[in-house]
Every structure is written in C-alpha cells, then in structure tokens.
Amino acid sequence: MNSLTQWLETPTGRESWKYSDPAPLTGDRFAPFAAPAPPAGDLPLLPACADSRRLVFWNETCLADETAGDDRSSGMTIAALTKDRAAPGLGTLATDESGTIADLNNRNRQETLHIHLEDGAAPDRPLELVFVTDDRSSDRLVAPRVLITAGGGSRAVIIERHLDLGRDPVLNVPVVEVLCGPGSDITHLKWLGNGPDALHYGGTFVRQDEGSRYVSREFVLAGHRVRREMHLHLAGPGASCILAGLTLASGLRHTDVRTRVYHDVPGCTTDELYKGILIDRGQSVFDGLIRVAPDAQQTGAYQTNRNLLLSDDAVSYSIPRLEIYADDVKCSHGSTTGQLSAEEMFYLRSRGFDEMMARRLLSYAFASEVVDQVEHPGLREELTASIQQILDKVPS
Amino acid sequence: MLKIENLHAAVDGKPILKGIDLEIAPGQIHAIMGPNGSGKSTLAQVLAGNEDYEVTAGSISYQGRDLLELSVEDRALAGIFLAFQYPVEIPGFANAEFLRAAVNAHRKHRGESELDAFDFSKFARDKIAQLELDPKLMTRSLNAGFSGGEKKRNECLQMSLLEPTFAILDETDSGLDIDALQIVARGVNTLRGPERSFLVITHYQRLLDYIVPDTVHVLADGRIIRSGGKELALELEDKGYGWLAEKAGVATGGEDPS
C-alpha cells in the first residue's frame, strides 16, 4: 500500500482521476532500472537548441556535459545529488502527502539534478534538459527529479524536453520543483515528445517569493497517456505567473492537464491559457483551479481553456474553476470547446484556399496563440514545424 | 460576364431572394441599394458560394460557366471576390502570411511560381501604400484588433492583390469616414478596366459619388424593383425607398438604413 493508492480510495482522490486512468501508477508492471543503461554506441541525433547549455539524461543516466563551456561566471551551478543527499528545498513542494503525481517519483527517483542560481545570476544561454528513453526502457519506470533554486533577482530560461525513442511502453514520472527567490524571473519551457506507447505522469511544483515571475509554457505533442500537473504557490506579494500550454491528441491518445494555483498573499497575478487540439479519437482533460486566499487582496487571476475538435469522435473535458475568498480581486475564467468556425472556413475558402488547406491554416492559427509566445526563437520554430507536421496529417 | 436569372435563395428554409434577374457586362459597375433585410448581403453570399444559403431556383452564369456548380474556392480562383461586410478575425494567422498564401493559391492555380516573403513584400508594397494601410498591420494577426476602417481597407488590399475579374463589395463603405471612403474608392477605381466588373452593395449614395456606377438597382423584399442610371441613387437619397416599394407593392420592412 502506498500513499497514492490510499489517496485514490478517498472520494477526492477518485474525483481527481475521474477522466484519466491511474492504473499504471498503482500497478506493478513498471519497475525502476536495476542498473545504469547508458546509450550503446553513437548517440542518435537529438533535437537541440543551438545556443543552449545541454544536459542529456539517457535512461536516467546523465551523460557527459559537452556543452558546459565556461559557465562558471554565470552564477549557475549544477550538481547531481544522490538519493540520500538533501538540498534545502528538495521535497518541500512535491511532498508525499499532497495527493499528487509526486508520490511515485519520491519513491523511485535515483539522483536529483540540482540547479542553483546565485543571487543576481543571469546565464546568457538557456539550460536545456533532455530526458531520453530508448528500447531498454521497455516496461521501466523512469523518475527524473530536478530541483531549481533561483536566488534573489536571478533570471534564466530552462528548457525541459522528454523524448522516448523506444517502441514499447515506458512510464515516465518526472518531477521538477522550482523555488523562485525574491525578484527572480524563471522561464520554463516544456516539450513532451513522448513515444506513441509511452505513459507520462509528471508535474511541476513551484513556489514564488516576493516580486518573482515564473513563466511556464508546456507542449504535449505525443504520448499514449499523459497527465501533467502544475502546483504553484504565489507565496510572496507581487509575484506573477504565466501558465500556458498546448496539447495535441490524435489517434487514441489521452492527455490530462491539471493546474493548481494558490494565491496565498496580496498583489499577485496569474495568467493562464491552455489550449487543446483533438484529432481522431483523441481525448483531453483540463482541470484548472485558482484559489485566492482571504488575505490575497488585489489579486489578478485569469484562466482560459480552449479546445478545438477536429473530428466527430474527439472528446474534451474542461473543468475551469476559481475559488475566491478575498473581496478585492479581479478574476475571470472561461472555457470553450468547438469545431472550426464555419464563418472562418468560408472566409478563407472565398480567398481561394481549398477546404483542407483552410482547415490546416485555422488549426495552425489556433495553436499559434500559444506557440508564438515561446521566448526562445529556435525552439519556437522547431515547435511550429512539429505541430504543423502533426496537423498536416489530419484527415479532412 | 455575369447573368443571374430568376434567382431564389433561402436561409434556414426562409426565402430571402425571390426572383432576381441581373446581367453585368465586362467593365461595368452595378450598384445595389435597398433597405435592411431586402436581401443585398444574401445575394453577395450566394454569389461567393456560402453553403449556408440554399439556392432554391434560378441560375447564375459566370463567363459562360454555371457558377452554382463551383465550390467557394473554385469561384475565388475563377476570379470572383467578395469584400466582406464583416471581415472575419483570425488570431494567430499573421496578415502578411494570409495575404501571401492567398496570392500564392491563385498563382499556383494559374500555373505560376509562388512568391516568397521577399518577392511578396515587393509585390504588395505599392498597394499597401495606396490604401494607406499601416505596414504594422501586416505583422499583426488577420483583422484581429483592427479598427472597422482598417478591416475594410484590408479587404480592399486583398482585392487589389488578387486582381479579381468580378468583385462584390458588400457595404464596404459602412463604418468608413470620408477620407477612408475616398481611399477605398481610389482602390476600386484603379482596378477598373474593360475586363473587370463590380457589384457594389451600399446603403448610401455617398459612395457612388466616388465609384460611379453604370447602373443602380433597388432591391426590396428579395426582388429588384427598379433599375436605372446613377441618378437613381440621388433620387433615393432624396425620397427614401418607400415610394418605390409602394409602387412595386412590396414591404420595405420600415427599417432605417444603418
């Protein structure tokens, strides 16, 4: 018996998995690696941003950091912590008791990657973390763990990629904890390019101190079953976050995005936009909650979920929620789910685009609202190409 | 160029057009005026091929072809252009990309090479300047957050880029101030030529001071109740639609032009 199993037996626990199947998390099919499984022979060509410092984790083994260069002066230190070594902050957000995705990671993680930004640090290159699994990950449980501690006034761009190259099911349960110090500015870009049979149940846990800014842009473009959780505490006055995401689910894929944002103190803002494009018999779940505590006056919190259904068999569940216990706040939430607008289709066709082209262009446009905001130009182009490739295959 | 015979059309089973006959020769500009609800926009939508409008009787021949057999996009590629009364906003689709893709769809259809971003920008520059469009609008999303006048001028820009054979302007003048009106009219007049025809739908005689029509038609209750020269527009401005409708024995709905 473990805490997630116990939690799933409670009404709240069952409710939180109403639309997604937690079975892979509680069963015993997937086992951690018994021994390191680094790549055999030459590495395949991995997608990468040209200007980034890049760390590759292959079946949980960290490969040599060939892009380290001379970053010592940047104020960023990277360390691998063994399981028995603690770091200040580690496990304080992604706790076992929280009834979240963290549980399986807490029990199965091997090393923790600790990224520390000193006060005022501002590395000029993004840090790119690439988590790769291959055929030897078949039926394995892979539990990468990252802790980011951002000192006061520091700023950085972190790119997190997940890539499954193997053909068999693998269970990814990554957890990233981010502690944003006062006035820090962290941009966290996440790309899930999981394999067609891969399972991914991962999450990000964030705490923001006074005046900090945290930006998350998450792209779920593949994977058989994906659940992504975001747990974010605005713990210092004047902190702000932008949470954005785009999900594409085709075939029989199922994606589930869950966000929990807690406004604990006054004067913080949340700007949340999640979009989903559902193709074939793809399914998506969006369950977002913003909770504004009684003391959190002058809160600005906006939550939007939009879903585009490109087939009659696609399904989208949307549960946007605001819980407001303060009285001097500006909050809104909204959710729309629908097919391509007939009016927009007619407009484009009247300009000479055939029906298939018009559908594609409108689908790209729908995705662009999230993709165009990606701060890193190289990654933005790569994402755009990848999304267009998926949408180009949509049957009309 | 275009011959409409006994055209009947319905929306959601409700008859709107009740027998339109209209013939437009190459090089001509025809204006259609009429009260709200008379079917002016329906006629525009039917000509452009909007499938929400059901043609229940009659025929439309365009350059000798049966227009009703053609899909929306095939009509566009055959040279029919509708400047929308309410241009659609598409966030996330950059205006310049939209314009270039539209031009390239036409070029491809004609067997010409597609324009890259650089060549397109050269091709479009003068036309953008002529319509006095802020070049910043090119990098913005299509019509998103454009003012009413900017949307209408963007429609005219599309018209001048696509160089249609038969263009329909559906209340392109509504919401334009006098300066913008003149700019739009100049755009139309530049395109005017012996092989190009226009159907200009408007509420106001004002536009026809700048785009001088060969013929003016008055549409009421789904029928053309009067046709005449450009002086008919002046007479309408003076007397309203009521006297014509009474003569023709149809209701005008009593709505004010808006």
Tell me what chain A gives for mean residue ellipticity at 222 nm when only DSSP H runs of n ≥ 4 count, each as -39,500 (n - 2.57), the sum divided by the residue total, rounded to 500 deg cm²/dmol. -4500 deg cm²/dmol
Whole-Hz Karplus ³J(HN,Hα) for segment A:40-57, in order, using 6.51 cos²θ - 1.76 cosθ + 1.60 and θ = phi - 60°, x for Gly and Pro? 8, x, 6, 6, x, 6, 9, x, 7, 7, 4, 9, 9, 8, 10, 10, 10, 10
State whether segment B:166-231 is rounded, prolate or oblate according to the following rule on the C-alpha gyration tensor (a ≥ b ≥ c being the square roots of its eigenvalues): a/c under 1.5 gives rounded; otherwise a/b larger than b/c gives prolate, and the remaining case gives oblate. oblate
Which FRET efficiency value, to the nearest 0.05, is calculated for A:Glu355 and A:Asp84 with the Förster distance at 56 angstrom and r the Cβ-Cβ distance? 0.40
Using a Gaussian network model of chain A whose springs link C-alpha atoms within less than 10 Å, name the residue from A:Leu163, A:Leu179, A:Leu340 with the highest mean-square fluctuation. A:Leu340
Go ahead and set up a Gaussian network model of chain A, Cα springs under 10 Å, then flag whichever of A:Gly288, A:Gly41, A:Gly166 fluctuates most. A:Gly41
Protection-proxy order for peptides B:106-115, B:4-13, A:184-193, B:157-166, each taking the mean of Cβ atoms within 10 Å per residue, highest first: A:184-193, B:157-166, B:4-13, B:106-115
For chain B, built as a Gaussian network whose Cα springs stay under 10 Å, the top-fluctuating residue of B:Arg125, B:Arg226, B:Arg140: B:Arg125
Given backbone amide H placed at 1.01 Å from N, residues whose amide H is under 5 Å from that of B:Gly58, ignoring those fewer than 5 places away on the same chain, are B:His8
Collect residues whose amide H, placed 1.01 Å from N in the peptide plane, falls under 5 Å from the amide H of A:Thr61; neighbours closer than 5 in sequence don't count. A:Ala37
Segment A:10-110: projected area of the alpha-carbon convex hull, averaged over directions, in nm²: 10.1 nm²
Partner shielding of B:84-93, taken as the mean number of other chain Cβ atoms within 10 Å, equals 5
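Report for the protein assembly as shown the percent antiparallel among DSSP-assigned beta bridges with both residues inside it, nearest 5. Provide the component values of the computation, followed by the final result.
Numbers: 34 of 181 bridges.
Looking only at bridges with both residues in the protein assembly as shown, the antiparallel portion is about 20 percent.
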Helix-only estimate, please: 222 nm mean residue ellipticity of chain B, summing -39500 (n - 2.57) across DSSP H runs of length 4 or more and dividing by its residues, to the nearest 500. -11000 deg cm²/dmol
Those residues of segment A:178-206 whose amide nitrogen sits under 17 Å from the label point placed on A:Thr10, 7 Å along Cα→Cβ: none
Taking just the C-alpha trace of segment A:138-179, give me its Rg and Dmax in Å. 14.1, 44
For the pair A:Leu43/B:Asn36, report the inter-label distance in nm, with labels modelled 7 Å from Cα in the Cβ direction. 6.6 nm
Loop-located trypsin sites (Lys or Arg not before Pro) in segment A:1-62 whose Cβ has at most 12 other Cβ within 10 Å (DSSP): A:Lys18, A:Arg29
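Between A:Arg380 and B:Asp21, how high is the FRET efficiency from 1/(1 + (r/R0)^6) when r is the Cβ-Cβ distance and R₀ = 51 Å? Nearest 0.05.
Details: r = 55 Å, r/R0 = 1.08.
Efficiency computed from Cβ-Cβ geometry: 0.40.
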Given Cα pairs under 8 Å that are at least 6 residues apart, what percent is the relative contact order of segment A:341-396? 33 percent
Low-density loop cleavage sites - trypsin sites (Lys or Arg not before Pro) in segment A:198-304, where at most 16 other Cβ are within 10 Å (DSSP): A:Arg281
For segment A:337-354, what does the Karplus curve 6.51 cos²θ - 1.76 cosθ + 1.60, with θ = phi - 60°, yield as ³J(HN,Hα) per residue in whole Hz, taken in order and with x for Gly and Pro? 9, x, 8, 4, 6, 4, 5, 5, 4, 4, 4, 5, 5, 5, 9, x, 7, 6
Set B:Lys108/B:Lys136; B:Lys14/B:Lys239; B:Lys40/B:Lys151; B:Lys122/B:Lys151; A:Lys275/B:Lys122 screened for pairs whose C-alpha atoms are more than 25 Å apart: B:Lys108/B:Lys136; B:Lys14/B:Lys239; A:Lys275/B:Lys122
Per the C-alpha gyration tensor (a ≥ b ≥ c, the square roots of its eigenvalues), chain B is rounded if a/c is under 1.5, else prolate if a/b beats b/c, else oblate; here it's prolate
Please compute the Cα-Cα pair-distance distribution of segment A:198-275 with 10 Å bins starting at 0, giving whole percents from short to long. 19, 46, 24, 10, 1
What do you get for Rg/Rh of segment A:341-396 when both radii come from the Cα atoms and Rh is the Kirkwood radius? 1.04
By what distance, in whole Å, do the Cα atoms of chain A stretch along each of the three principal axes, largest value first? 62, 59, 47
Suppose a student asked you for the relative contact order of chain B, using Cα pairs under 8 Å spaced at least 6 residues apart; what percent would you report? 28 percent
Skipping prolines and chain starts, which residues have an amide H placed within reach, meaning under 5 Å, of the one on B:Arg226, given they are 5 or more residues away or on another chain? B:Val218
Here, trypsin sites (Lys or Arg not before Pro) of segment A:61-132 satisfying both criteria (DSSP loop; at most 11 other Cβ within 10 Å) are A:Lys83
Please report, in Å, the Rg and the Dmax of segment A:24-173, where both are computed over Cα atoms only. 16.0, 46
Do you know the relative contact order of chain A, to the nearest whole percent, from alpha carbon pairs under 8 angstrom that are 6+ apart? 9 percent
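Give me the inter-chain shielding for A:354-362: mean count of other chain Cβ atoms within 10 Å, whole number please.
Averaged over the peptide's residues, the number is 3.
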Karplus-derived HN-Hα couplings along segment B:192-201 (A = 6.51, B = -1.76, C = 1.60, θ = phi - 60°), whole Hz, x at Gly and Pro: 4, x, x, 9, 10, 10, 9, 10, 10, 9
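Every number here is computed from the coordinates shown, using simple stated rules; none is lab data. Given the structure is predicted, the values throughout are model-derived calculations rather than measurements. As a convention, Cβ positions derive from the backbone with ideal geometry for all residues, glycine included, and neighbour counts pool all protein chains shown.
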